[in-house]
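J.: Dropping the structure in here first, questions after.
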Amino acid sequence: MQVIEPDATRRRLRRMAISITAAVAPFGIVFGAAASTAGLSVWEAVGYSLFVFGGSSQFAAVEILGDGGSVAAAALAGLLLNVRSLAFGVIMAPALGGALWKRAAMSQLMIDESTAVGTASDDLASRRYGYLVGGLGVFVVWNLTTLVGFVAFSGAGDLIEDLGLDVAGPAAFLALLWPRLADRRQLVVAVAGAVVAVSLVPFTAPGVPILASMSAVMAARAVGPWRPSAPSEASDLSGGQSGE
């Protein structure tokens, strides 16, 4: 069994965090521009990114508000989209111990990107480090790019589409997912989840397809027992994302 030194592991996790953070930056710019178009003030847009800090839920809420929907409807859509964070919490909880206030503070970083970096290691200390370095990196860049998007790209919908920034979010999520598809069990779950979600999009409210797609984990039962990736395999995640 290959032994990876702690310093080498942390360098690998930092590289992963940097690549993920870079992928998120255009997505933050799009959100800032969308918030401006929806009629939010700069402080409201920045407040969303500071306190909500959930890309998909922020976009859903802003879209609903921009279309004249109620605050309650916007909040409900954001809540549904962020329910998946409960699963992230179950996975990361063993590595995020400490006083209640520390756990509460760290929970603010419970997003797809921080969880992806954190779960790239089996050691609890490395998981905690990866989670924090990934989450803090995205948090800082997300908030900065929200402000940039609001100020510099206000009303620039055509320019955002011309530059391809509107697909930055899906591209970032695909980059997080792609290296894990080498595992047959996870590939089956991903495909089944995608089929469920896409099938429900035309008929259900925002957030519901994502919740329903969680049922795809049942498909993994037909594949066989899960085998955790070896450290050398986990390091492939960094290489897979650095090409974004």
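The values are calculated or read from the model by the stated rules, or taken from the named source; none is laboratory data. Predicted model, so just to flag it, every value in this text is computed and none were measured. FYI the Cβ positions are ideal-geometry reconstructions off the backbone, even for glycines, and counts take in every protein chain you see. Please note that ligands, DNA and RNA were not included when accessible areas were found on the heavy atoms of the full protein model with its side chains. Shrake-Rupley method; radii C 1.70, N 1.55, O 1.52, S 1.80 Å.
J.: Can you report the number of residues in the range 75-94 which are open to solvent by 60 Å² or more (accessible area, probe 1.4 Å) and among the hydroxyl-bearing types (Ser, Thr, Tyr)?
T.: 0
J.: If the requirement is being among the hydroxyl-bearing types (Ser, Thr, Tyr), more than 17 Å from the chain's Cα centre (by Cα) and open to solvent by 10 Å² or more (accessible area, probe 1.4 Å), which of these qualifies: SER36, SER19?
T.: Going through SER36, SER19 in turn, just one is among the hydroxyl-bearing types (Ser, Thr, Tyr), more than 17 Å from the chain's Cα centre (by Cα) and open to solvent by 10 Å² or more (accessible area, probe 1.4 Å): SER36.
J.: Do you know which residues across the range 22-79 are more than 22 Å from ALA171 (Cβ to Cβ), charged (D, E, K, R) and assigned to a helix (DSSP H, G or I)?
T.: GLU44
J.: Do we have ALA72 as over 16 Å from the mean Cα position of the chain (by Cα) and surrounded by 17 or more Cβ atoms within 10 Å (Cβ to Cβ) here?
T.: It is false that ALA72 is over 16 Å from the mean Cα position of the chain (by Cα) and surrounded by 17 or more Cβ atoms within 10 Å (Cβ to Cβ).
J.: Of everything in the range 42-63, what is open to solvent by 40 Å² or more (accessible area, probe 1.4 Å) and farther than 20 Å from VAL141 by Cα? Give them in sequence order.
T.: If the condition is that a residue be open to solvent by 40 Å² or more (accessible area, probe 1.4 Å) and farther than 20 Å from VAL141 by Cα, then GLU63 is the only one that fits.
J.: Return yes or no: is LEU81 under 15 Å from the mean Cα position of the chain (by Cα) and without any contact (Cβ under 8 Å) to a residue 24 or more places away in the chain?
T.: Values: under 15 Å from the mean Cα position of the chain (by Cα): yes; without any contact (Cβ under 8 Å) to a residue 24 or more places away in the chain: no.
No, not satisfied.
J.: Which ones in the range 8-35 are of a type in the set (Lys, Arg) and in contact with a helix residue (DSSP H, G or I) (Cβ under 7 Å, 6 or more places away or on another chain)? Spell out the reasoning first.
T.: Start the filter on the range 8-35 by keeping residues that are of a type in the set (Lys, Arg), which leaves 10-12, 14-15.
If the condition is that a residue be of a type in the set (Lys, Arg) and in contact with a helix residue (DSSP H, G or I) (Cβ under 7 Å, 6 or more places away or on another chain), then ARG10, ARG12, ARG14, ARG15 are the ones that fit.
J.: Which of the residues spanning the range 53-72 are of a type in the set (A, V, I, L, M) and in contact with a helix residue (DSSP H, G or I) (Cβ under 9 Å, 6 or more places away or on another chain)?
T.: To start, the set of residues in the range 53-72 that are of a type in the set (A, V, I, L, M) comprises 60-62, 64-65, 71-72.
If the condition is that a residue be of a type in the set (A, V, I, L, M) and in contact with a helix residue (DSSP H, G or I) (Cβ under 9 Å, 6 or more places away or on another chain), then ALA60, ALA61, VAL62, ILE64, LEU65, VAL71 are the ones that fit.
J.: What do you reckon, is GLY134 in contact with a Gly (Cβ under 7 Å, 6 or more places away or on another chain), closer than 20 Å to VAL52 by Cβ, of a type outside the set (D, E, K, R) and open to solvent by less than 10 Å² (accessible area, probe 1.4 Å)?
T.: On the way: in contact with a Gly (Cβ under 7 Å, 6 or more places away or on another chain): yes; closer than 20 Å to VAL52 by Cβ: yes; of a type outside the set (D, E, K, R): yes; open to solvent by less than 10 Å² (accessible area, probe 1.4 Å): yes.
Taking the combined requirement at face value, the residue satisfies it.
J.: Where in the range 151-214 are there helices (runs of 4 or more DSSP H), lying wholly inside it, with at least 1 residues that are at pLDDT 70 or above, out of contact with any Ser or Thr (no Cβ under 6 Å at 6 or more places or on another chain) and not aromatic (Phe, Trp, Tyr)?
T.: 168-177, 184-200, 208-213
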